[in-house]
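Comments concern the structure below.
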C-alpha cells in the first residue's frame, strides 16, 4: 500500500479511526499497557498524542522534581503527556510495533511500525540510554550477558 501524504492542515483535522479500538489492560511487559482490539496495518495512524507544551527548563524541573517520564520532544517543543491516561500506559520494547511522529507544535501521532494483530500490545522504543538498563526483553538480556 502506498503511503498517503497530507498537508499539515488536513492532519490537524484527522482523528484516527483506531482510537476507539484501544484498551488498557495488564501487560506482560510492565504494569498496564495499551492493546489493540482490531488488526492495524503498518503505516496507519493509531492515535493522537496531545499534551501541554513546556519549556526546556520546565521539562528538566518536571523530570527531576516530579519524576515525570511522560515528556516527548517533537524537534521544536517538549510535550508533557502526563495527564493523558492512555499514553501513560504506552510501554517500551526494543523491537516495537509503533513509533511516534510529529503532528504539529503541541501534539504527536502514534503510528504502526508494522502490521499489528488484534490483542497485541502497542509498544515504542523509548530511545534513551537508561531504559535499556531496566529493559528485560530478549535483546537487552543478551546485551547484559555480554
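Each reported figure results from applying straightforward, stated rules to the coordinates on display, with no laboratory input. None of these values were measured; they are calculated from a predicted model. Backbone-built Cβ (ideal geometry, glycine too); neighbour counts: all protein chains shown.
Here the extension length gained between residue 72 and residue 52 equals 6.2 nm, from 0.36 nm per residue of separation less the Cα-Cα distance.
Each label was represented as a point 7 Å from its Cα along the Cα-to-Cβ direction; for residue 85 and residue 136 these points are 2.7 nm apart.
List 22, 108 from most exposed to least, where exposure is judged by having the fewest other Cβ atoms within 10 Å.
Numbers: 22 19, 108 22.
With the sparsest Cβ surroundings first, the list reads 22, 108.
Once the chain from residue 19 to residue 41 is taken as fully extended at 0.36 nm per residue, the excess over their C-alpha distance is 6.5 nm. Apply the a/c threshold of 1.5 to the C-alpha gyration tensor of region 18-119 and tell me whether it is rounded, prolate or oblate. It comes out prolate by the Cα gyration axes.
Under the rule a/c < 1.5 gives rounded, and otherwise a/b versus b/c splits prolate from oblate, where does region 59-146 land using the Cα gyration tensor? Judged from the Cα gyration tensor, region 59-146 comes out oblate (a/c at least 1.5, b/c at or above a/b).
Note on residue 114 and residue 61: their simple-model spin labels are 4.3 nm apart, each label 7 Å out from Cα toward Cβ.
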